[in-house]
Amino acid sequence: MYWTVNGNGHIPDAITVDLRTDTISQPTQDMRDAMVNAVVGDDVYGEDPTVAELERRSAEMLGKEDALFVVSGTMANLIAIMVHCSRRDGEIIAGDNSHTFRFEQGGPSQIAGVQTALLRNREDGTFDLDELRDKIRVDSDIHEPITQLVIVENTHNMCGGKVLPLEWLAQVQNISREYGIKVHMDGARVMNAAVYQKVPVAEIAKYVDTICFCLSKGLGAPVGSILAGSKSFIAKANRVRKVLGGGWRQAGFLAAAGLVAIDKMINRLEVDHRHALKIATAINESGSKICRVNLATVQTNIVMIKVDRSKISAREIVERLATVLPQDSVRVSLRTSCRDPGFFRIVLYWEITEECVRAAIDKISLVMKELDEKFTKRSDKMDMIEC
Ligand SMILES: Cc1ncc(COP(=O)(O)O)c(C=O)c1O
């Protein structure tokens with residue numbers, strides 16, 4: 001549960017800084033103008049010129065033959081899985097902390113009828129390549145499913161927006177090719193990865209057969225993701241999108257915002273990365289004994305803050321940050337999110353200005369100080385939490 005101010009809205013001078021996720025970013029004025037003026041048609045008939053333009057430009061940027069505009073990242077991943085794993089005895093391999101495994105409602109099994117074999121995600125979003133080799137199952141034993149797809153996530157959400165090293169991607173590609181298995185990248189935030197690595201995004205996409213990215217996260221568009229790959233893959237993906245109910249008609253209104261996103265919102269992602277590092281550094285400089293960030297892991301727009309669970313749960317901190325008490329000197333409701341009891345997360349996006357960042361830091365400092373005082377009273381000797 002979250003409070004905007006003090007739960008009842010009794011504190012009129014409080015402001016809210018919402019860092020739960022980048023999906024809450026609103027369309028820019030340029031996007032709104034582009035949407036109003038979009039030329040549209042029926043996209044199921046292949047007659048929407050704005051959608052066609054977005055797909056063409058996206059494919060070109062990713063260095064792939066073709067692309068498809070879909071409703072969401074979840075749909076893009078599910079379509080990719082359904083196309084790559086068309087046989088009934090197929091299996092995919094994915095990280096145990098991947099979005100496709102943890103947060104897409106088991107879509108691969110529920111809808112695609114595909115089982116997932118898991119590899120332990122390391123802190124940097126990668127997994128061990130020897131373990132990958134061990135997990136691959138070829139068509140040699142009638143008892144076993146057959147591996148058809150490896151999924152990698154870049155940037156890695158639950159690993160704090162970590163960027164996958166290009167050398168590692170090249171090795172995943174080599175191993176998969178050796179066994180004739182395709183690789184799909186859940187690149188919901190791959191533009192953040194490209195900006196961090198200072199490479200064109202095609203340099204990342206070249207290591208995978210198919211890739212998706214979201215227009216509606218850090219890029220600020222209201223709706224939509226792009227799925228890209230070969231011409232034959234996209235032709236099949238188009239059919240699968242239709243059966244999932246994802247054929248959309250005058251979708252050019254949304255594609256128009258997507259075009260602004262790829263033209264104007266990619267280069268500025270470095271501002272979000274700078275803001276993320278600033279907040280992470282401030283958390284550590286607050287000297288908190290309860291919360292800590294491993295600064296080496298802060299690469300893009302996501303920061304995972306580790307909490308000493310023996311003292312307090314991350315959820316309690318999230319609630320305190322969102323609350324403004326009448327006696328508080330800092331009148332900021334800071335909204336953050338938490339999925340695991342030992343971590344909470346902040347995510348930056350374009351509407352979070354320097355001023356918002358300062359307000360967030362003030363609020364975090366206030367709460368860290370309060371928690372340290374509370375727990376120091378209980379035990380004189382407190383060790384610094386390890387990352
Ligand atoms: C890494 C990753 N993949 C996929 C998705 C799903 O995107 P959507 O919310 O558009 O379905 C998300 C959403 O946060 C994500 O973080």
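Here, each number is a calculation from the coordinates, and none is a lab measurement. Source: prediction; values computed, not measured. FYI the Cβ positions are ideal-geometry reconstructions off the backbone, even for glycines, and counts take in every protein chain you see.
Some points to look at:
- Annotation: aspartates and glutamates with alpha-carbon distance below 17 angstrom to Lys369 (same-chain offsets under eight excluded): Glu285, Asp308, Glu316, Glu319, Asp328, Asp380, Asp383.
- Each other residue within a Cβ distance under 12 Å of Asp209 adds +1 if Lys or Arg and -1 if Asp or Glu, for a net charge of +3.
- Rounded Å value of the spacing that divides the Cα centres of segment 82-154 and segment 167-190: 12 Å
- Helix-only mean residue ellipticity at 222 nm for the chain, each DSSP H run of n ≥ 4 adding -39500 (n - 2.57), per residue, nearest 500: -12000 deg cm²/dmol
- Total charge dipole magnitude, the chain, about the Cα centre, Cβ charges on Lys, Arg, Asp, Glu only, Debye to nearest 20: 540 debye
- Angle in degrees between helix 49-62 and the longest Cα principal axis of the chain, rounded to the nearest 10: 80 degrees
- Exposure proxy order (Cβ contacts within 10 Å, fewest to most) of Leu62, Leu119: Leu119, Leu62
- Here's the list of aspartates and glutamates a cross-link from Lys182 could span, going by alpha-carbon distance under 14 Å and ignoring same-chain residues fewer than 8 apart: Glu91, Asp209.
- D by Stokes-Einstein for the chain, Kirkwood Rh over Cα pairs, 20 °C, 1.002 mPa s: 97 µm²/s.
- The chain, relative contact order [Cα under 8 Å, separation at least 6], %: 25 percent
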